[in-house]
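The structure under discussion appears below in the form of structure tokens.
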Amino acid sequence: MPPSLELVITVYLPEQLKDAPLDAPQVALAGRSNVGKSSLVNRLAGTRKLAKISATPGKTRSINFYRVQPEGWFLVDLPGYGYARTSKSEREKWAQLIEAYLTRAKGLKAVAVLLDSRLDPQVLDMDMVSWLKQTGTPALAVLTKADKCKQREIARRQAQWREIMRSAALPLPFSAVTGKGTERLWQLLGAAALPAQAADDACAPPADACPDGADAPPAAAPDTPAPAPRRPAVRRLTPRQ
Ligand SMILES: Nc1nc2c(ncn2[C@@H]2O[C@H](COP(=O)(O)OP(=O)(O)OP(=O)(O)O)[C@@H](O)[C@H]2O)c(=O)[nH]1
Ligand SMILES: [Mg+2]
């Protein structure tokens, strides 16, 4: 049985973060607006109704904390960054909320960076990856909307991101439409959230591998320090203390 997801709290303002389970083990989902974060949450949950989805970018304007049962860690859906067609003050508000979360979430074990399979690496995504490296936050790269791409294109995108992230691992192709990558993603998220438990389970046989090579674990905390970001990921992100 796959784990289940339950929405426990929605946060709209940085000051509301004090009521959120920031100390509990958690993995956050980050990515540009419209990349497919909420669709991924719904696919993991096996429902279309848990997270709100829209073809119009900028749908998720809050941070949504989902409890993963039975393990008890949290999957955290962040608002998308870089949505251009909204006011500057609105963008700043979201950026502040994301920054407040990333800097205060003591239980944050990793950030799954969602990247659109169809697009060449975007500056905002590279800035997010650089920030994660600088702060020593493990990153899992996930290529969304994989159903829209031919395998050759996916392989090229995987190689591009592996190079950028200086990782031995390939990003995981994922499709909320077909379900491709779902089982593997659950494994990777769980292992990131609860590493000790994953080590205990290490003797268990590996789950089925994806035929297209997607079974390689996606980029995890790279050892090599990255160059400083050209500009901040979502505004000015200060490393966590
Ligand atoms: N073909 C395809 N479309 C997808 C996939 N995932 C998401 N979409 C579509 O992409 C659009 C945006 O999806 P969302 O899940 O709302 O994206 P988001 O990242 O949560 O967006 P914000 O909340 O605005 O940050 C919707 O029209 C989805 O139906 C996918 O795997 N394949
Ligand atoms: Mg969303």
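Please treat every number below as a calculation from the coordinates, not as lab data. Predicted, not measured: the structure shown is a model, and the values here were computed from it. In this analysis, Cβ positions are derived from the backbone assuming ideal geometry, glycine residues included, and neighbour counts consider all displayed protein chains.
For the range 1-74, chymotrypsin sites (Phe, Trp or Tyr not before Pro) meeting the loop criterion (DSSP other than H, G, I, E, B) and having at most 15 other Cβ atoms within 10 Å: Y12. Between the C-alpha center of the range 97-172 and that of the range 19-93 there is a gap of 15 Å.
On the beta carbon distance between R104 and R156, with R0 = 30 Å, the FRET formula returns roughly 0.20. Per the Debye formula on identical point scatterers at the alpha carbon atoms of the range 1-160, with no solvent, log10 I(q)/I(0) at q = 0.16 Å⁻¹ is -0.93. Under a straight-distance cross-link criterion of Cα-Cα below 24 Å, which lysines are reachable from K150, leaving out those fewer than 8 residues away in the same chain? Output for K150: K37, K180. Modelled spin-label separation between E71 and R118, with each label point placed 7 Å from Cα along the Cα-to-Cβ direction: 3.1 nm. Computed from phi, the 3J(HN,Hα) profile of the range 90-100 under the Karplus parametrisation 6.51, -1.76, 1.60 (θ = phi - 60°) reads 5, 4, 4, 4, 5, 4, 5, 5, 5, 5, 4 Hz, with x in place of Gly and Pro.
For the range 184-192, putting each phi into the Karplus relation 6.51 cos²θ - 1.76 cosθ + 1.60 with θ = phi - 60° gives couplings of 5, 5, 4, 4, 5, 5, x, 5, 6 Hz, in residue order, rounded to whole numbers and with x for Gly and Pro.
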